[in-house]
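Input: a single structure, listed below in structure tokens.
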Amino acid sequence: MSRPTYKIDGPKFSLEVPTGWHVIFASISRKEYNQVIKVYNTITREDDYIASEHGQILETMKDLVTGEDSLAIGAKPKPMRLDFEWFYSTTNLSGHERASITTTGTKSEVIQVRSVSKPPQTPASIPDFITYMIFAEDILVGTGDHGIYDDSVATIHCVKKTDNAQDDDDNDDD
């Protein structure tokens, strides 16, 4: 059985999603400045932007178009790749102008990833899953008030669709 896999390149996390897997993404910002995560979907060939509000700490980052606090992508009838890239800017931006951080801001320095999978003893009625926890660091500084890998924290939860679920083949909505 094929399962999601990933690669890391600096502040970029690329997730290879096999046919038949749902993906749910959410993130929190732990800094007062603007942070943006750009999500590129190879099926729709479009970017989504998940962003924090300037001046808000420990708040859920929101989709710049829908305002939702998570991004859900339904299972597809063919494999897809999702590219997640982390950016930040100390400039006070609001609304849709925060998407400009991906071209005018600074890329985060590095991310760390941890994952958990469905335990073997889990009942068969629970679909297969894997959850990635991603810790992003904007600036690598070893000062007493600056942690490591804690500027933003994201989760990507991948769930294998069940036999009675349908593929989401409407590429316009994701």
query = Which condition number does Met1 fail, the rest of (1) modelled with pLDDT of 90 or more; (2) touching a strand residue (DSSP E or B) at 6+ places or on another chain (Cβ under 9 Å) being met?
reply = (1)
ask   = Do you know which residues across the range 105-142 are under 30 Å from Leu93 (Cβ atoms) and either open to solvent by less than 20 Å² (accessible area, probe 1.4 Å) or modelled with pLDDT of 95 or more (or both)?
value = Ser108, Ile111, Val113, Tyr132, Met133, Ile134, Ala136, Glu137, Asp138
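Looking at the range 44-81 only, could you name the residues that are in a loop (DSSP other than H, G, I, E, B), open to solvent by less than 10 Å² (accessible area, probe 1.4 Å) and of a type in the set (Gly, Ala, Ser)?
Filtering the range 44-81 down to residues in a loop (DSSP other than H, G, I, E, B) leaves 44-45, 52-58, 61, 64-70, 74-79.
Right, trim to open to solvent by less than 10 Å² (accessible area, probe 1.4 Å) and you get 52, 61, 75-76.
The answer is Ser52, Ala75.
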inquiry  = Going residue by residue through the range 104-119, is there one that turns out to be farther than 21 Å from Glu32 by Cα, part of a loop (DSSP other than H, G, I, E, B) and without any contact (Cβ under 8 Å) to a residue 24 or more places away in the chain?
reply    = yes
request  = State all residues of the range 30-74 that are of a type in the set (Gly, Ala, Ser) and free of Cβ contacts under 8 Å to residues at least 40 places away in the same chain; if no residue qualifies, say none.
outcome  = Gly55, Gly67
task = Pull up the range 1-43, narrow it to residues that are among the charged types (D, E, K, R) and in a strand (DSSP E or B), then point me to the one that is surrounded by the most Cβ atoms within 10 Å (Cβ to Cβ).
result = Lys38
request  = Of the numbered conditions (1) crowded, with 19+ Cβ neighbours inside 10 Å; (2) modelled with pLDDT under 90; (3) among the small types (Gly, Ala, Ser), Ser94 fails exactly one; give the number of that condition.
outcome  = (1)
query = Among the residues of the range 82-91, which ones are modelled with pLDDT of 95 or more and buried (at least 22 other Cβ atoms within 10 Å of the Cβ)?
reply = Leu82, Phe84
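The values are calculated or read from the model by the stated rules, or taken from the named source; none is laboratory data. As the structure is a prediction and not an experimental result, all values here were calculated from the model. Every residue, glycine as well, gets a Cβ built from its backbone with ideal geometry; the counts of neighbours run over all protein chains shown. All accessible areas refer to the heavy atoms of the entire protein, side chains included, with ligands and DNA or RNA removed. Shrake-Rupley method; radii C 1.70, N 1.55, O 1.52, S 1.80 Å.
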